[in-house]
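> Please find one structure pasted underneath; my questions will follow.
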Amino acid sequence: MNSHSPHEFIESLTSKITATTQWLFNFVVTEFTPHAISNIGWRTFLMFGIFCIANFMFVFFFIQETKRKTLEDMDILFGTVDAQKRAQDIEAAISVEKKELQLHDHVEQAVSAPAELKS
């Protein structure tokens with residue numbers, strides 16, 4: 001299960017681990033299946049079916065849903081930061097943005113005022 005990480009190093013590392021694990025388990029299944037079929041026959045496919053059902057149950061009951069969640073919500077969901085701290089960070093960012101917009105409007109008015117005096 002590969003996920004997005006804000007740190008490039010961690011994201012590249014998890015991508016490498018994910019790809020390596022996928023190749024490794026494909027190799028194991030490829031090597032295991034002929035021996036299992038020759039020893040237990042049709043029960044091999046029953047075994048793989050049971051594994052699939054068990055995996056579905058695990059994901060359904062234990063893996064948290066992340067659909068339509070922002071990265072900020074992910075931080076809260078996985079405990080990186082608590083909701084109160086995240087709300088304070090967002091309020092601080094909005095405050096800074098409002099100040100920048102006010103400064104921009106003030107500069108625009110100062111620049112346009114001399115042009116109005118000339119006409």
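> Measure of size requested: the Rg and Dmax of the chain, with Cα atoms as the atom set and Å as the unit; please supply both.
Expressed in Å, the Cα Rg and Dmax of the chain come to 27.8, 97.
> Related question: Could you give the longest part of the chain that holds none of the trypsin sites (Lys or Arg not before Pro) found in DSSP loops with at most 16 neighbouring Cβ atoms within 10 Å?
Between exposed loop sites, the widest span is 1-66.
> So between Q64 and E100, what do we pick up on full extension, going 0.36 nm a residue minus the alpha carbon distance?
9.2 nm
> I would also like to ask the following. Hand me the GluC sites (Glu not before Pro) from region 1-94 located in a DSSP loop with no more than 11 other Cβ atoms within 10 Å, in residue order please.
E65
> Report the FRET efficiency, 1/(1 + (r/R0)^6), for E8 and A92, where r is their Cβ-Cβ distance and R0 is 30 Å, rounded to 0.05.
0.75
> How big is region 69-119 by the Kirkwood estimate over distinct Cα pairs, in Å?
For region 69-119, the Kirkwood estimate is 13.7 Å.
> A further question follows. Restricted to Cα positions, what overall size does region 1-63 have along the principal axes? Three whole-Å values, descending.
If we take the Cα atoms of region 1-63, the spans are 47, 28, 7 Å.
> Continuing with this model, one more query. Test of understanding: extend the Cα→C-beta vector of T33 to 7 Å, then name every residue of region 48-70 with backbone N under 13 Å from that spot.
The answer is 48-49, whose backbone nitrogens lie closer than 13 Å to the label point.
Every number in this text was worked out from the coordinates using simple rules, so none of it is lab data. The model shown is predicted, which means the values in this text are computed figures rather than measured ones. Here the Cβ is made from the backbone with ideal geometry for all residues, glycine too, and neighbour counts use every protein chain on show.
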